[in-house]
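Visitor: There's a structure below that I have some questions on.
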Amino acid sequence: MLAAAAARTDANDPLSCLEVGERPDPQAPDGWATVRLRAASLNHHDLWSLQGVGLPDDKLPMVLGCDGAGVDEDGNDVVVHGVITSPGWMGDETLDPRRTLLSERHQGALAEQVAVPRRNLVRKPEGLSFEEAACLPTAWLTAYRMLFTRGAVKPGMTVLVQGAGGGVATAAIALGRAAGVRVWATSRSERKRERALRLGADAVFESGARLPERVDAVLETVGEATWSHSLKSLKPGGTIVVCGATSGQAPSAELNRVFFLQLSVVGSTMGTTGELAQLVQLLASSGVRPVIDRVLPLSDAREGFAALDAGEVFGKVVFTPAG
Ligand SMILES: NC(=O)c1ccc[n+]([C@@H]2O[C@H](COP(=O)([O-])OP(=O)(O)OC[C@H]3O[C@@H](n4cnc5c(N)ncnc54)[C@H](OP(=O)(O)O)[C@@H]3O)[C@@H](O)[C@H]2O)c1
């Protein structure tokens, strides 16, 4: 089958390690299903993998991709949940210390087919296209859990989303807006700030700019470059929800500010299959749809990786295996 895979890893030159070509079809063990993918989406995780983060040499070559939507062996249209728990794990999948994401231990979804545990399949509603559905399992699910589960954000609150152009960030803006939250967003790029406004942000600011008032919660995916601004932007008692650290993970913790203002620093990772099913239903009923920067045939995957690596993307890059 055609697939986009990491042949090697290189922290400084990830794109040189990407190979788009033929890979063996996946084998589904008992309790697993094979899905013929109609669409798959790219995440920053795929660039981390090419850099060797979470992908040791003994797992290479590895088909990349955490996100996909397609048709299972029984002809059902499905969305694939990419969190694979260890055998016998019960309960919240994101709390399994031995969980992995597709493309870490098991071959990923940037391919014509993927094998996953049957319980990882969520039915795709008719009104959602395969391309839209393929955007949901990582970036959108992460934003959903950050906002509603870990951040406990309620209608009427004000939330700041850092790095407005990212996959998680654009999802957070759209979902927050749909839920009646006042959404503010930052970006380094004027073009991305304008797009964030069109997407539903109530106000946008340059990265690091002083805000007109402090916010109830900050959604943080950027890390070191925006961390101090995130802490300064919170009301006393506010919450910073962090799921990523693209720009680095060693900012000053600013402990004086954390304890004096009684701030909560909350980590968040992916989401459960149940949350993915809720998210899919929310989109089906609300009409909210993922922002798709571009759709490319899988054979042109390199173009999408290069755009993400260069920071030229607003929303999600989607690949279609059938071209
Ligand atoms: N824990 C989890 O389960 C989970 C799930 C999904 C993602 N993540 C992590 O969350 C992060 C975002 O993921 P994503 O897929 O949304 O990535 P992405 O699409 O690559 O996000 C890129 C955004 O990050 C911002 N950014 C990057 N470097 C920056 C810098 N030096 N200063 C300011 N802003 C910067 C940019 O915002 P502007 O250009 O608009 O300023 C850019 O639009 C990644 O680190 C990813 O690994 C974690």
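The values are calculated or read from the model by the stated rules, or taken from the named source; none is laboratory data. These numbers come from a predicted model, not from an experiment. FYI the Cβ positions are ideal-geometry reconstructions off the backbone, even for glycines, and counts take in every protein chain you see. The protein model used for the area step is the full one, side chains on, heavy atoms only, and it has no ligands, DNA or RNA in it. Shrake-Rupley method; radii C 1.70, N 1.55, O 1.52, S 1.80 Å.
Visitor: Identify, please: which residue in region 140-172 is among the β-branched types (Val, Ile, Thr) and part of a helix (DSSP H, G or I) and is, among those, nearest to Val83 (Cα to Cα)?
Guide: Applying the filter and picking the extreme gives Thr142.
Visitor: Here's something else I'd like to know. In this structure, does Asp74 turn out to be surrounded by fewer than 17 Cβ atoms within 10 Å (Cβ to Cβ) and more than 15 Å from the ligand (Cβ to nearest atom)?
Guide: Considered against the rule, which asks whether it is surrounded by fewer than 17 Cβ atoms within 10 Å (Cβ to Cβ) and more than 15 Å from the ligand (Cβ to nearest atom), Asp74 comes out as yes.
Visitor: While we're looking at this one, here's another question. Identify all residues within region 180-221 that are open to solvent by 20 Å² or more (accessible area, probe 1.4 Å), in contact with a strand residue (DSSP E or B) (Cβ under 6 Å, 6 or more places away or on another chain) and not polar (S, T, N, Q); write none if there are none.
Guide: Arg182, Arg193, Leu197, Asp202, Ala203, Val204, Phe205, Arg214, Asp216
For every residue, the table says whether it meets (1) buried (at least 24 other Cβ atoms within 10 Å of the Cβ); (2) of a type outside the set (D, E, K, R); (3) at negative phi.
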site	(1), (2), (3)
Leu55	no, yes, yes
Pro87	no, yes, yes
Ser103	yes, yes, no
Val116	yes, yes, yes
Leu136	yes, yes, yes
Trp140	yes, yes, yes
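Visitor: Could you please let me know if Arg257 is within 16 Å of the chain's Cα centre (by Cα), open to solvent by 50 Å² or more (accessible area, probe 1.4 Å) and of a type outside the set (A, V, I, L, M, F, W, C)?
Guide: Criteria not met by Arg257.
Visitor: Among the residues of region 30-56 satisfying the criterion of being touching a residue at least 60 places away in the same chain (Cβ under 8 Å) and assigned to a loop (DSSP other than H, G, I, E, B), which is nearest to Glu73 (Cα to Cα)?
Guide: It comes out as Gly31.
Visitor: Would you confirm, using the coordinates I've provided, whether Gly311 is assigned to a loop (DSSP other than H, G, I, E, B) and within 14 Å of the chain's Cα centre (by Cα)?
Guide: no
Visitor: What's the number of the condition Arg289 fails, among (1) within 16 Å of the ligand (Cβ to nearest atom); (2) assigned to a loop (DSSP other than H, G, I, E, B); (3) of a type in the set (D, E, K, R); (4) modelled with pLDDT of 95 or more?
Guide: Only one criterion is unmet by Arg289, namely (1).
Visitor: Could you tell me how many of the residues in region 173-205 are within 9 Å of the ligand (Cβ to nearest atom), farther than 29 Å from Gln281 by Cβ and in a strand (DSSP E or B)?
Guide: Adding up the residues that qualify gives 2.
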